[in-house]
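The values are calculated or read from the model by the stated rules, or taken from the named source; none is laboratory data. Given the structure is predicted, the values throughout are model-derived calculations rather than measurements. Reconstructed Cβ throughout: ideal geometry from the backbone, glycine too, with neighbour counts over all protein chains shown.
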Amino acid sequence: MSKKAVVIGAGIGGMASAIRLAHLGFETSVYESNAEPGGKVNSKHFGSYRFDMGPSVFTEPHLVDELLSINGVSNCDFEYQKLSISCNYFFDDGTRVALPHGPEKVAEVLHKDLGEDKNKVLRFLNKLRRNYEAVYPVFISASLHRFTQWMNVGIFRAISRIPKYGLLRSMDAVNRAQFKNPKTAQIFNRFATYNGSNPYEAPGMLNIIAHLELNIGPYIPKGGMVSISNHLFEQAKSMGVKFYFKQAVNEILHNNKRIEGVRIANQKIDADVVISNMDVHNTYKKLLNGFDGPQKILSQEKSSSAIVFYWGIKKKFPGLDVHNIFFSNEYENEFQKMFKEHELSDDPTIYIHISSKVEKQDAPEYGENWFVMVNAPINKGQDWEIMRKQLRQNILLKLSRILKEDIESLIEIEEYTDPSRLEQMYTGMHGSIYGNSSNSKMSAFYRHPNFSNQLKGLYFSGVTVHPGGGIPLAINSAKIIEKCLKRDFNLV
Ligand SMILES: Cc1cc2nc3c(=O)[nH]c(=O)nc-3n(C[C@H](O)[C@H](O)[C@H](O)COP(=O)(O)OP(=O)(O)OC[C@H]3O[C@@H](n4cnc5c(N)ncnc54)[C@H](O)[C@@H]3O)c2cc1C
C-alpha cells in the first residue's frame, strides 16, 4: 500500500512538493485555507484590468519546466519570454538607466550612462556568475543541514571560492568598493530586497541574486505570473494529487516523535508524511502544540513586507517598461526606517510592474495595469490606513514630478494590499514575505532546515525555510525535501 502524504498550503513550495511526492509514489493531498491554488502567486481582475497580486519578477523558468515534465511528459503549453530590458531605473536628479541583461550589454550601458569601467563591470558580473554556480549544488539545491547532501563534488569548488563571496562585508560595502558611481552601487544593492533584506547589513554574498537578472535576464510567463500557479496545479492534479480548498489545517498530529497526520476542525486525516508550506514560525506556533522549534532560528529578524497599490491607469507611458524602479534619494535611511523603526520613508523607492506592456489583454487598449509596490516594515500593529494614505500621497508626488503627469487623475481603478492584509491572507509571520531576513553575516545558517529534527515525517517547504526567498528557491526547497524523503524512506 502506498504511503500517505499531506501538504499544508498550495503555495508554489507546496505544489512543487506535492508534485515531487506524487512522483515518489505517495498518495498526496493538499489542504489550502484559501479558495484557490498558488498562495501569493495569484491574480485578480479589477474592472477591465488584470493584476498579478504578488510576484512579478520571474527567473530560472527551467525549474518550473522541470516540474512540468517530471513524469516524462512535457507540459508544453507553459510559455514564457525573456524581457529585453531587465529594469528601468529612475533617479531623482533625472538620470535614467534602462538596464538590459547579458554581461556585455550591461557593462556597455553602465559605462555609457554611469561612467563605469566596462572591464571592471564584466569582471564583477563574471565573479557573480562563478559564485552562483559554486554555491548552487552545495547550498541552493541541497540541504545545508544534511551532510550527505552538501558533501558532493561541488563542495571543493564552493570552499575554494569562500574569499570571493564577500561574507564579511555588507552588500553595500562590496558594491561601493566595486563601482565609482554610487548610483551603480544602489542598483546592485537593490537585489537585497529580493529576499526582503537590507543591503547595508546583508552580506556581500547576496550579490549573487543579481547574476540571475543581469547575466541571464528576467522572463515573463504567457498569461502572467499566475500561469506558474495554474500549470503546477494542473500538473499536480494530473499526477493524482487531491486538492482541498478552504480547508485550514488546525493541528499537526504526532505520537512517539512520529507524524500521524493532521487535524482539520474535528476531522483527523492520517498521513505518514506532512509537509508544511505554511510560514514555519506559524507552523510551530499554531499547529505544533508542545513544540517550540529551534528558537535561535525562529527569533531572527524578519524580512520586509510590502504595500502594493493596484492602479488601472487610463493612459499609456511609452517611457516605462515591464519593470521600473524610482529610487529614493535616501536609500540607506529607507532601510533604517523599515527595519529599525518599523516605519515608512517619506521618500520611498517605488517599483512599478506593468505586465500589459507584454500581455496586452491585461489592460484596456488605452491604458496600463500598474502594480505599484513599496517595501514596508512587518506588521507590528501600526495604523496601516494612515501610513498607506501618506505613502499614496508621497508616491503620487514623486511619480507626477518625474513623469511630468498628474498621475492621480489617471487612476480609474484602485485596490491595495498592506502588511496586515498579507498576514491575514497567507499567514506569514507579521506579514513578512520571506520569513527571516538575511540581515546578518550568518543568515544562511539561520534558516530553518527542510525537515524536522524532532518529528519523523515532518518537512518544510517554501520561502520561510532553507534555501530562502523567491519562487526559484521555494521550488528548490521541494527538491531538497525529495532528496530527504528518498533517504528517510529508503526510496532509492
Ligand atoms: C507583493 C509581493 C511581491 C513578491 N515579488 C516576488 C517576485 O517578484 N519574485 C519572486 O520570486 N517572489 C516574489 N515574492 C515572493 C513569492 O510570493 C514567494 O516566493 C512564492 O510565492 C513562494 O511562496 P511559498 O511557497 O512560500 O508559499 P505562499 O505563497 O506563502 O503560500 C503558502 C500557502 O499556505 C496556505 N496556508 C497557510 N497556513 C495554512 C493552514 N493552516 N492550512 C492550510 N493552508 C495554509 C496559505 O493560504 C498559502 O496559500 C513576492 C511576494 C509578495 C507578497
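Right, SER420: away from the ligand (no atom under 11 Å from the Cβ), part of a helix (DSSP H, G or I), within 23 Å of GLU301 (Cβ to Cβ) and touching a helix residue (DSSP H, G or I) at 6+ places or on another chain (Cβ under 7 Å) or not?
So SER420 passes the test.
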Is it the case that the stretch 8-26 has a residue that's assigned to a strand (DSSP E or B), aliphatic (A, V, I, L, M) and either out of contact with any helix residue (DSSP H, G or I) (no Cβ under 9 Å at 6 or more places or on another chain) or within 8 Å of the ligand (Cβ to nearest atom) (or both)?
-> yes
Given the conditions (1) at pLDDT below 95; (2) within 15 Å of the ligand (Cβ to nearest atom), which single one is not true for THR193?
-> (1)
Of the residues in the stretch 44-59, how many are touching a strand residue (DSSP E or B) at 6+ places or on another chain (Cβ under 9 Å) and in a loop (DSSP other than H, G, I, E, B)?
-> 7
Any chance VAL262 is of a type in the set (Val, Ile, Thr), crowded, with 18+ Cβ neighbours inside 10 Å and within 23 Å of the chain's Cα centre (by Cα) | no
Take PHE335 and decide whether it is assigned to a helix (DSSP H, G or I) and either touching a residue at least 40 places away in the same chain (Cβ under 8 Å) or within 15 Å of the ligand (Cβ to nearest atom) (or both).
-> yes
Scanning the stretch 10-37 for residues that are out of contact with any strand residue (DSSP E or B) (no Cβ under 6 Å at 6 or more places or on another chain) and buried (at least 24 other Cβ atoms within 10 Å of the Cβ) gives GLY11, ILE12, GLY13, MET15, ALA16, ILE19, ARG20, PRO37
Does the stretch 428-460 hold any residues that are surrounded by fewer than 20 Cβ atoms within 10 Å (Cβ to Cβ), part of a loop (DSSP other than H, G, I, E, B) and either out of contact with any Phe, Trp or Tyr (no Cβ under 9 Å at 6 or more places or on another chain) or among the charged types (D, E, K, R) (or both), and which are they?
-> LYS441, MET442, ASN453
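Can you tell me how many residues in the stretch 49-80 are near the ligand (Cβ under 10 Å from one of its atoms) and charged (D, E, K, R)? Step through it out loud before you land on a result.
Initially, the stretch 49-80 is screened for residues near the ligand (Cβ under 10 Å from one of its atoms), giving 52-60.
So of that shortlist, the ones also charged (D, E, K, R) come out as 52, 60.
Of the residues in the stretch 49-80, 2 are near the ligand (Cβ under 10 Å from one of its atoms) and charged (D, E, K, R).
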Determine if the stretch 364-383 includes at least one residue that is in a helix (DSSP H, G or I) and surrounded by 15 or more Cβ atoms within 10 Å (Cβ to Cβ).
-> no
Is one or more of the residues making up the stretch 91-105 crowded, with 17+ Cβ neighbours inside 10 Å, at positive phi and assigned to a loop (DSSP other than H, G, I, E, B)?
-> no
Write out, first by first residue and then by second, each pair whose Cβ atoms fall under 9 Å of each other, whose residues are 6+ apart or on separate chains, and whose first residue, in the stretch 456-468, is closer than 15 Å to VAL41 by Cβ and assigned by TED's automatic domain parsing to the domain that holds VAL41 while the second is surrounded by fewer than 24 Cβ atoms within 10 Å (Cβ to Cβ) and of a type in the set (Gly, Ala, Ser).
-> VAL463/GLY470
Can VAL41 be described as under 19 Å from ILE475 (Cα atoms) and part of a strand (DSSP E or B)?
-> no
Just a yes or no: is a residue in the stretch 343-363 farther than 30 Å from LYS183 by Cα, under 21 Å from the mean Cα position of the chain (by Cα), more than 15 Å from the ligand (Cβ to nearest atom) and surrounded by 18 or more Cβ atoms within 10 Å (Cβ to Cβ)?
-> no
Tell me which residues, restricted to the stretch 401-427, are among the charged types (D, E, K, R) and crowded, with 19+ Cβ neighbours inside 10 Å.
-> ASP418, GLU423
All but one of (1) touching a strand residue (DSSP E or B) at 6+ places or on another chain (Cβ under 9 Å); (2) under 24 Å from ILE325 (Cα atoms) hold for MET205; which doesn't?
-> (1)
Flag for PHE46 being within 12 Å of the ligand (Cβ to nearest atom) and closer than 28 Å to ARG421 by Cβ = no
Residue ranges of strands (runs of 3 or more DSSP E) in the stretch 204-314 with at least 2 members among the aromatic types (Phe, Trp, Tyr) = 242-245, 305-313
Does any residue of the stretch 396-413 turn out to be more than 14 Å from the ligand (Cβ to nearest atom) and over 30 Å from ARG96 (Cβ atoms)?
-> no
Can you name the residue in the stretch 481-492 that is within 22 Å of LEU232 (Cβ to Cβ) and in contact with a Phe, Trp or Tyr (Cβ under 9 Å, 6 or more places away or on another chain) and is also nearest to the ligand (Cβ to nearest atom) among such residues?
-> ILE481
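Given the structure, is VAL64 assigned to a strand (DSSP E or B), in the same structural domain as TYR244 (by TED's automatic domain parsing) and either at negative phi or not hydroxyl-bearing (Ser, Thr, Tyr) (or both)?
Considered against the rule, which asks whether it is assigned to a strand (DSSP E or B), in the same structural domain as TYR244 (by TED's automatic domain parsing) and either at negative phi or not hydroxyl-bearing (Ser, Thr, Tyr) (or both), VAL64 comes out as no.
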The stretch 461-472, residues that are surrounded by fewer than 24 Cβ atoms within 10 Å (Cβ to Cβ) and more than 7 Å from the ligand (Cβ to nearest atom) | none
